[in-house]
Amino acid sequence: NAGVMQNPRHLVRRRGQEARLRCSPMKGHSHVYWYRQLPEEGLKFMVYLQKENIIDESGMPKERFSAEFPKEGPSILRIQQVVRGDSAAYFCASSLDSNSYEQYFGPGTRLTVT
Amino acid sequence: SQQGEEDPQALSIQEGENATMNCSYKTSINNLQWYRQNSGRGLVHLILIRSNEREKHSGRLRVTLDTSKKSSSLLITASRAADTASYFCATDEDTDKLIFGTGTRLQVFP
């Protein structure tokens, strides 16, 4: 059973470009979470999605950031017009259901904005 | 909001010694989890302890939870160089998301 997959593992973007980060949850998992980790810090919650629904986006910046989890395909975290402060590691996690508290994490995407 | 605060921020020990890390949190919880993160890598789930449990073991790991003090500890016995990593506690504010602490960086010298 493959774990949570994220791609790309590393992404370099110039200021003003768009970044698209993909996450495929574990097989059978329908709940996806995105977290951001700045250097030397813990993970910060961004958004929680189920298939075709955003359940909680209280950790998402109000502008430039969006997330989706379509019926088919991976979850996408999209950052428009990236700035240097967006440079971070972005982790995706999935869980079996809302009552299953164990979240399984992917390897992360390291975004560098130059 | 930052829920968990780990203590110490960094810990260096020799192989074979025990390592103890502590985590404090602010609000009531349903469960508390500990994760390990090797440098530049993703998080590995270590152990989950529910609010009605006081102690849990998994291999060389022992986790305690004191809900009256809102604190938890992670003990790694007979440490190995391969245990070198950052360790994070995470609590559930509700069923939606995990709130992570700032982490303890553990260095185990051979």
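Odds and ends about this structure:
- Averaging the sequence gap over all C-alpha pairs within less than 8 Å and six or more residues apart, then dividing by the number of residues, gives chain B a relative contact order of 39 percent.
- Rounded to the nearest whole angstrom, the semi-axes of the ellipsoid equivalent to chain A, taken from the Cα gyration tensor as √(5λ), stand at 22, 14, 13, largest first.
- Evaluated over the Cα positions of segment B:5-109, the convex hull gives a direction-averaged projected area, one quarter of its surface, of 6.1 nm².
- GluC sites (Glu not before Pro) within segment A:29-95: DSSP coil, no more than 11 neighbouring Cβ in 10 Å: A:40, A:52, A:63, A:72
- Residue A:15 paired with residue B:50, simple spin-label distance in nm, labels 7 Å along Cα-to-beta-carbon: 5.2 nm
- 12 Å beta-carbon shell around residue B:87, net charge (K/R +1, D/E -1): -1
- Sparsely packed loop sites in segment B:1-98 (the trypsin sites (Lys or Arg not before Pro) outside DSSP H, G, I, E and B with at most 15 other Cβ atoms within 10 Å) comprise B:26, B:41, B:54, B:60, B:69, B:80.
Quick note: the coordinates plus some simple rules give every number you see, no bench work behind them. Bear in mind that the values here come from a model prediction, so they are computed numbers and not experimental data. Neighbour counts run over all protein chains shown; Cβ positions are idealised from the backbone, glycine included.
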